[in-house]
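Please read the structure below before turning to the comments.
Read-outs throughout are calculated quantities, based only on the coordinates presented, and are distinct from any laboratory measurement. Given the structure is predicted, the values throughout are model-derived calculations rather than measurements. As a convention, Cβ positions derive from the backbone with ideal geometry for all residues, glycine included, and neighbour counts pool all protein chains shown.
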Amino acid sequence: MSSNIKLTIYTKILECSIFYFVLMNSLLKNNISISIINLSRILIFLVLGLALVWNVFFYQDLNAKLKLLVLALIMILLFFINASQFSCLIFFAMYCLFIKPYKVIKLYFNGILYGIVIVVLLSLTNFIPKQQGNLWVFGFPNPNIIGFLVVVELLSYFILKWYRINFFDFIVFLLCIFFEKKILSDDTAVIVLLIFLTTYMVSKNPKLFLLVGKLTLIAPIFLLAFSWFLASYYGKYNWIYRLSNFLTYRPEIWHDYLEIYGVHLLPSRMTILFATDFQKLFYGGNLPRLYAGFDTSYMYLLLSGGLIISLFIIFILSNFVYRVKDNPAFICYSLALFIFGFTETSVLTPLGYYQNALLMIALAGFIDHSYFKTICRVKNVN
């Protein structure tokens with residue numbers, strides 16, 4: 001089998017897997033039995049695993065085989081210490097290790113795009129709900145999910161066309177901002193898109209771009225520390241209370257979860273609480289905010305992954321930024337997602353292994369430092 005055919009099969013498996021996970025995390029899953037969903041999920045991971053093993057043991061050298069064997073043992077260890085989701089992160093990073101970074105982003109872009117199109121079409125034909133109450137969800141459990149996917153798609157599109165962006169692309173960008181604001185009412189997504197657009201403009205100036213690069217380098221550790229500070233000192237300072245109101249009470253909810261679970265060195269099981277129908281009826285409009293959802297990547301990492309894994313993920317993200325500091329596309333992309341992760345859980349946590357390629361690329365680059373050699377400049381991706 002020629003190397004081109006082998007690589008095509010290998011990459012298509014990843015693309016189809018991303019497409020599948022987007023479908024199964026939409027309201028479409030409500031029309032499918034749990035047993036079928038679980039069986040199909042196992043089948044997808046089995047196919048990915050077989051493709052990875054096939055690639056490593058038949059096409060890679062001994063050094064790669066030993067490296068992947070060590071990572072596999074780490075995956076097994078994480079599985080047994082309440083960190084199975086972090087095992088998924090390592091697994092996908094291992095798979096992406098043999099695909100160039102730009103190609104990984106394109107595969108995620110394609111898989112997510114196909115998933116969005118199918119789900120939205122099914123919702124518009126009333127096969128699955130397009131609204132939840134007064135909120136437009138277009139077939140997804142809540143508007144934040146499709147809002148996040150649209151942001152990721154738009155940022156990925158700009159990365160892949162960085163030096164070929166034209167007037168039409170800016171029109172699409174503005175239409176997406178309008179969609180996020182007027183249809184989904186997702187103000188966070190709008191802010192992130194505006195930040196990305198601003199940094200894109202600033203990147204044209206070498207001195208200003210250098211400043212953006214430094215801010216991006218320190219952003220992960222700063223936002224992790226700042227999130228912990230807000231959660232720990234909520235109720236002690238008026239400015240935190242006012243900021244919490246602006247952030248739709250997120251720091252207050254972080255504080256409640258911090259009180260319940262605390263921060264540990266090693267991973268611990270964390271359950272995100274949702275109100276039952278009885279609790280909604282009992283509390284009415286006074287439902288405690290603890291049941292309003294949990295939105296943040298940084299506090300989720302601390303509470304679920306523990307201090308060691310959280311700092312490790314922050315390190316690989318900062319290492320990624322340092323390694324690609326001369327690439328404006330990836331710097332602007334990273335800064336936007338780091339900020340988005342401040343208020344959204346799936347952006348920088350293993351929960352989003354099928355929604356966002358950033359963590360996969362960053363971890364793959366940590367595993368193999370030569371992985372970033374292909375990110376020397378932005379080029380066309382076929």
Rg to Rh for segment 181-257: what is it, with Cα atoms only and Rh by Kirkwood?
-> 1.07
Per residue, the convex hull enclosing the alpha carbons of the chain has a volume in Å³ of 155
Cross-link pairs beyond the 31 Å C-alpha cut-off, checked among Lys130/Lys325; Lys65/Lys161; Lys67/Lys161; Lys65/Lys373; Lys181/Lys236 | Lys130/Lys325; Lys65/Lys161; Lys67/Lys161; Lys181/Lys236
What FRET efficiency comes out for the pair Phe168/Lys29, r = Cβ-Cβ distance, R0 = 51 Å, nearest 0.05?
-> 0.90
Give the span of segment 3-103's Cα atoms along each principal axis, as three whole-Å numbers ordered largest to smallest.
-> 45, 37, 22
Enumerate the amide H contacts of Gln132 below 5 Å, restricted to partners 5 or more residues apart or on another chain; note that Pro and chain-start residues carry no placed amide H.
-> Val137
Treating each Cα of segment 71-139 as an identical point scatterer and ignoring solvent, apply the Debye formula and state log10 I(q)/I(0) at q = 0.12 Å⁻¹.
-> -0.57
Peptides ranked, highest mean first, by Cβ atoms within 10 Å: ranges 212-219, 64-71 | 212-219, 64-71
Karplus ³J(HN,Hα) for segment 159-166 (6.51 cos²θ - 1.76 cosθ + 1.60, θ = phi - 60°; Hz, whole; x = Gly/Pro) runs 4, 5, 10, 3, 9, 10, 6, 10
If you project the alpha carbons of segment 88-188 onto their three principal axes, what span does each projection cover, largest first, in Å?
-> 44, 37, 25
Which chymotrypsin sites (Phe, Trp or Tyr not before Pro) from segment 1-78 combine a DSSP loop assignment with at most 14 other Cβ atoms within 10 Å?
-> none
Residue with peak Gaussian network fluctuation, the chain [Cα springs, cutoff 10 Å], from Tyr114, Tyr95, Tyr353 = Tyr114
List, largest first, the extents of the alpha carbons of segment 34-79 along their principal axes, each in whole Å.
-> 41, 24, 6
